[in-house]
Amino acid sequence: MKFKQLIPTSSAWAHLRFVFSVFLLPVYLFAFSQATGIRPAHALLIFFIWHLLAYPASNGYNSYFDRDEDSIALLAKPPEVDISLYYFSILLEAVAFLLGFFISWEFAFEVLLYGIMSKLYSHPATRLKKYPVISFLVVFFFQGAFIYFTTYTALSGSSLFDHWDTGFVVAGAICSCLIGASYPLTQVYQHAEDSRRGDITLSLLLGYKGSFIFSGILFALGIALSYYYWHSMGMMLNFYFFLLCALPIFLFFNYWFYKVGQSTANANYKNAMRMNFLSSACMLVYFGVLAVFG
């Protein structure tokens, strides 16, 4: 490796897809809204580690091995990858791991574990992505509940081994359901390329109609868990606000499902990005309000 290979090219910067971290920000905001004893400096560092280091590193590493030619999330025409993307994504992950020790040794190794799972997801030697159920479960847990659990405990200055009450588990499950609901819809326009590469994704397994039904079921489960969570805490106003914020998602989801039923050509990149941005915006409003007004 040469030093200049650590300097990311314009292509590498594009594939890091920093904006994609916004899609995962609601999980951090939910944990922030529920954690206690938060130290502002730690909260800022935890945000920085996840959203500006670990997530982009994962995006870049996956892109390097995927070498997509068709549209991927936030890149309608992905540029050709180069070796700087590989090395810089490793560098970002190493920095995330080392900075994690300023929070706790436990958090540092949780960040490392997240990075390892992202590599298993895409590396040719393991490539969990080509196994539909396993890949779904990895994303479902590690981008949902795992991030909530680790962020909550890091923000609270406590240990992951101390927080396994029902409310803690249900909150993580809500995050996983919301992440899992969007997962097959991010793949629904990539059937042709995934098939060429031999990756049997969950969306390919379920088909167009099945992908929407599966997403709808998980989102409904997330709503049910949200009801249980807020009802058990005697804070039903938070649940009603969730329904209000979820309404635009529900309407566009059904509209898109109807259009795909008319023609599978509507299961395209443009509509998938509309769904992603709309759902992210609505959940950012919801969890952002919770984080501010708690």
- request: Determine whether L247 is farther than 30 Å from R127 by Cβ, of a type in the set (A, V, I, L, M) and part of a helix (DSSP H, G or I).
  value: yes
Expected single match for more than 21 Å from the chain's Cα centre (by Cα) and not charged (D, E, K, R) among L218, L244 is L244
Quick count over the range 214-240, residues being in contact (Cβ under 8 Å) with a residue 24 or more places away in the chain and buried (at least 17 other Cβ atoms within 10 Å of the Cβ), is 10
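F97: part of a helix (DSSP H, G or I) and over 17 Å from S10 (Cβ atoms), yes or no?
So F97 passes the test.
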Restricted to the range 53-66 and to residues being surrounded by 24 or more Cβ atoms within 10 Å (Cβ to Cβ) and of a type in the set (F, W, Y), the residue modelled with the highest pLDDT is Y55
Within the range 186-201, of all residues that are touching a residue at least 40 places away in the same chain (Cβ under 8 Å) and not in a helix (DSSP H, G or I), the one surrounded by the fewest Cβ atoms within 10 Å (Cβ to Cβ) is G198
Out of (1) within 17 Å of the chain's Cα centre (by Cα); (2) surrounded by 20 or more Cβ atoms within 10 Å (Cβ to Cβ); (3) more than 27 Å from N238 (Cβ to Cβ), the one L92 does not meet is (1)
Taking first residues from the range 47-65 that are touching a residue at least 12 places away in the same chain (Cβ under 8 Å) and at positive phi and second residues anywhere that are crowded, with 24+ Cβ neighbours inside 10 Å and charged (D, E, K, R), the pairs with Cβ under 8 Å that are 6 or more apart or on different chains are none
Subset of the range 221-256, residues on the phi > 0 side of the Ramachandran plot and among the β-branched types (V, I, T), comes to none
For the range 25-52 the number of residues that are surrounded by 18 or more Cβ atoms within 10 Å (Cβ to Cβ), under 14 Å from the mean Cα position of the chain (by Cα) and either of a type outside the set (F, W, Y) or not in a helix (DSSP H, G or I) (or both) is 4
Restricting the range 5-45 to residues that are of a type outside the set (G, A, S) and free of Cβ contacts under 8 Å to residues at least 24 places away in the same chain, the one farthest from F102 (Cα to Cα) turns out to be W13
Checked the range 119-171 for anything under 13 Å from the mean Cα position of the chain (by Cα) and either outside any helix (DSSP H, G or I) or under 15 Å from V27 (Cβ atoms) (or both); matches are V139, F140, F141, F142, Q143, G144, A145, F146, I147, Y148
Contact list, first residue from the range 263-288 and aliphatic (A, V, I, L, M), second anywhere and surrounded by fewer than 15 Cβ atoms within 10 Å (Cβ to Cβ), beta-carbon distance below 7 Å, six or more apart or interchain, is L278/P248
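The values are calculated or read from the model by the stated rules, or taken from the named source; none is laboratory data. Predicted, not measured: the structure shown is a model, and the values here were computed from it. Note: ideal-geometry Cβ built from the backbone for every residue, glycine included; neighbour counts use all protein chains shown.
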